[in-house]
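Peer 1: Below: one structure in structure tokens.
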Amino acid sequence: MVLVNIITLIFIIVFNFLFKIHSINGRSMEPTIHNNDIILIKKTKLVPRYSLIGFENKESGSLLLKRVIGMPGDEYIIAHNQIIITNKEEDNYASVSKFELDIKVAKELSYYNKIPENQYFVIGDNRGISNDSRKFGFVNKEDVEGILTYRVYPFNKVGRIN
């Protein structure tokens, strides 16, 4: 019995060191993630393009979950309150993403032409209602809690998230 308790305690400590569980409040990531879903975030600072990251909303202190579109070093231009991001992949394939920005954010970002080191441009999957980089600018790497890896609730949707 003591061995089972020790193993359970070790598992809990390791789990809490590597992962964090969150309940989702909002619809900004629909249809991928829904309101009241419970998710598992892997604590990491390695952020691949198009991954879903969790980070702290500095205004409310709550968790935001968004998709990484722009990576450090991606070139962009600001024109008529729009950002046009060009990302060049290793195989010389380039893709372009275009988003309407808040006027204040467009002005702030117009001073640069590349996404700075340790910064990301993020978008919610439900773009019509999402509060994301279009409204608050880049996300700092230091604010990233980790990458969404798994949905644990509702039970009929349990599984890995891409």
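Peer 1: Using the charge dipole of the chain (Lys, Arg: +1 at Cβ; Asp, Glu: -1 at Cβ; taken about the Cα centre), state which of N118, I10, N140 has its Cα farthest towards the positive end.
Peer 2: With unit charges placed on the Cβ atoms, the residue in question is I10.
Peer 1: Using a Förster distance of 45 angstrom, determine the FRET efficiency expected from the C-beta separation of R160 and K107, and round it to 0.05. Numbers along the way, then the final one.
Peer 2: Working: r = 40 Å, r/R0 = 0.88.
Given R0 = 45 Å and the Cβ-Cβ separation, E is 0.70.
Peer 1: Contact order normalised by length for the stretch 2-160, with contacts defined as Cα pairs under 8 Å and 6 or more residues apart; what percent is it? Kindly include the intermediate steps, with their values, before the conclusion.
Peer 2: Working: 305 pairs, mean separation 43.7, N = 159.
Normalised by residue count, the contact order of the stretch 2-160 is 27 percent.
Peer 1: Against the 2.2 N^0.38 Å scaling, with N counting residues, where does the stretch 45-162 land? I'd like the Cα-based Rg ratio to two decimal places. Working shown, then result.
Peer 2: Values: Rg = 14.7 Å, N = 118, 2.2 N^0.38 = 13.5 Å.
That works out to 1.09 for the stretch 45-162.
Peer 1: A follow-up question, please. Give me the distance in nm between label points sitting 7 Å out from Cα along the Cα-to-Cβ direction at H34 and I21, one decimal.
Peer 2: 2.0
Peer 1: Add +1 for every Lys or Arg and -1 for every Asp or Glu among the other residues with Cβ under 14 Å from the Cβ of D37, and state the total.
Peer 2: On the way: positive: R27, R151, K157, R160; negative: E30, D125.
Here the charged neighbours net out to +2.
Peer 1: What is the calculated FRET efficiency for R49 to I6, with r their C-beta to C-beta distance and R₀ = 35 Å, to the nearest 0.05?
Peer 2: 0.30
Peer 1: Let me ask something additional. Between helix 2-18 and the chain, what is the angle of the helix's C-alpha long axis to the longest principal axis, kept within 0 to 90° and rounded to the nearest 10?
Peer 2: Compared with the principal axis, the helix lies near 0 degrees.
Peer 1: Of the candidates N140, N16, N57, which one comes out as most mobile in a Gaussian network treatment of the chain with C-alpha springs shorter than 10 Å?
Peer 2: N16
Peer 1: Determine which lysines satisfy two conditions relative to K135: a Cα distance under 30 Å, and not lying fewer than 8 residues away in the same chain.
Peer 2: K20, K42, K43, K45, K58, K66, K88, K98, K104, K107, K114
Peer 1: Placing unit charges on C-beta atoms (Lys and Arg positive, Asp and Glu negative, everything else neutral), compute the dipole magnitude of the stretch 2-160 about its Cα centre in debye, rounded to 20.
Peer 2: Values: 21 positive and 18 negative charges, 63 e Å.
I would put it at about 300 debye.
Peer 1: Okay, next question. Listing V4, V122 from the residue with the fewest other Cβ atoms within 10 Å to the one with the most, what is the order?
Peer 2: On the way: V4 8, V122 25.
Fewest to most other Cβ atoms nearby, the residues stand as V4, V122.
Coordinate-derived values only; no laboratory data. Being a predicted model, the structure only gives us computed values, none of them experimental. So basically every Cβ, Gly included, is an ideal-geometry build from the backbone, and we count neighbours across all protein chains shown.
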